[in-house]
Amino acid sequence: MGVEGKIAWVPVPEVSKVNELWSHNVIGDEPKPAHQYAHGLGASDVNGDGLLDVTWGGGWWAQPKDKSGKGGKWTYHAKQIVKDGVADMYHLDADGDGLNDILCTSAHGTGIYWCKQKEDGSFETNSFHKGLIRETHSANYVDVNGDGRKDLVTGRRFFAHGYRPSLAGQASELYWFDIKTAKGKAPEFVPHKIDDQSGVGAQFLTEDFNGDKKIDVVVSNRKGVFLFLQE
């Protein structure tokens, strides 16, 4: 997260110290992704070493292999991933070329982004489903249908930037996308509408709420609180 204008990771303390001031470990001095209203961060394994790195639209920090103390020095790579305000960022090798790509959504515009990583470490941004949903300020990456592959759950954040009467009657869609991949091909995002009067908030939960071993969706936003149980 952003802490005092710098990107940092914050370890959760033991229960006996949870009410004390939490420590934080700075990983980067770049202020742009850490300012007060910044959003669009990910914990993604960009370089494929099995460790989660930290990503934002303008680049990424590689997690060091040193696990002692504060984890050592994080190396910043100024590689533009996507030129848009995005929500949560996740990794997947969508085209089977051995390089992890970045999956994210447009927080202020429309659509889903597949940011293909190239051999030189740069990224090629591809947009899908422009116009289907917009202002997706959060997204979860989870196996919704139990087929062993993760899916993308996201939706519109109602009144994302304050009350706008002209938008009050518009739908706030909530979708899950079945991500179909094949080697050498761009991924396919197959949409499944969950609802059109809820959307998402700045965060939401995708968990097994009722213990039936199926992923459910819990949303809290400016429209209210919603629970969607998967049948």
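Observations on the model:
- In whole angstrom, the range 47-179 maps to an equivalent ellipsoid with semi-axes of 29, 17, 15, each derived as √(5λ) from the alpha carbon gyration tensor and ordered largest first.
- Rounded to the nearest 20, the size of the Cβ-charge dipole of the range 82-231 about its Cα centre is 580 debye, with Lys and Arg at +1 and Asp and Glu at -1.
- Within the shell of other residues whose beta carbon sits under 15 angstrom from the beta carbon of residue 108, the net charge comes to +3, with Lys and Arg scored +1 and Asp and Glu -1.
- Centre-to-centre separation between the Cα atoms of the range 1-68 and those of the range 125-175: 25 Å.
- Per-residue extension of 0.36 nm, minus the Cα-Cα distance of residue 170 and residue 43, leaves a gain of 42.5 nm for this segment.
- Normalised per residue, the accessible area of the range 112-171 is 46 Å², obtained with a 1.4 Å probe and no contribution from ligands, DNA or RNA.
- For the chain, the antiparallel share of DSSP beta bridges with both residues in that region comes to about 95%.
- Rounded to the nearest 20 debye, dipole of the range 1-158 from Cβ charges on Lys, Arg, Asp, Glu: 440 debye
- Selection of trypsin sites (Lys or Arg not before Pro), the range 69-139, meeting DSSP coil and at most 13 other Cβ within 10 Å: 73, 83, 118, 130
- Each Lys or Arg adds one and each Asp or Glu subtracts one; over the other residues with Cβ under 11 Å from the Cβ of residue 216, this totals -2.
- Only one item in (1) 55, 41, 38; (2) 52, 42, 29; (3) 49, 49, 40 matches Cα extents along the principal axes in Å derived from the coordinates shown, and that item is (3).
- In a DSSP loop and with at most 13 other Cβ atoms within 10 Å, the chymotrypsin sites (Phe, Trp or Tyr not before Pro) in the range 55-163 are 163.
- Using a probe radius of 1.4 angstrom, the carbon and sulfur fraction of the accessible surface of the range 105-157 is 47%.
- Mean-position separation - Cα centroids, the range 83-101 and the range 200-215, in angstrom: 23 Å
The values are calculated or read from the model by the stated rules, or taken from the named source; none is laboratory data. Please read all numbers here as calculations on a predicted model, not as lab measurements. Glycine gets a Cβ as well: all are built from the backbone with ideal geometry, and neighbour counts include every protein chain shown. Just so you know, the surface numbers come from the protein's heavy atoms only, side chains and all, with ligands and any DNA or RNA stripped out. Shrake-Rupley method; radii C 1.70, N 1.55, O 1.52, S 1.80 Å.
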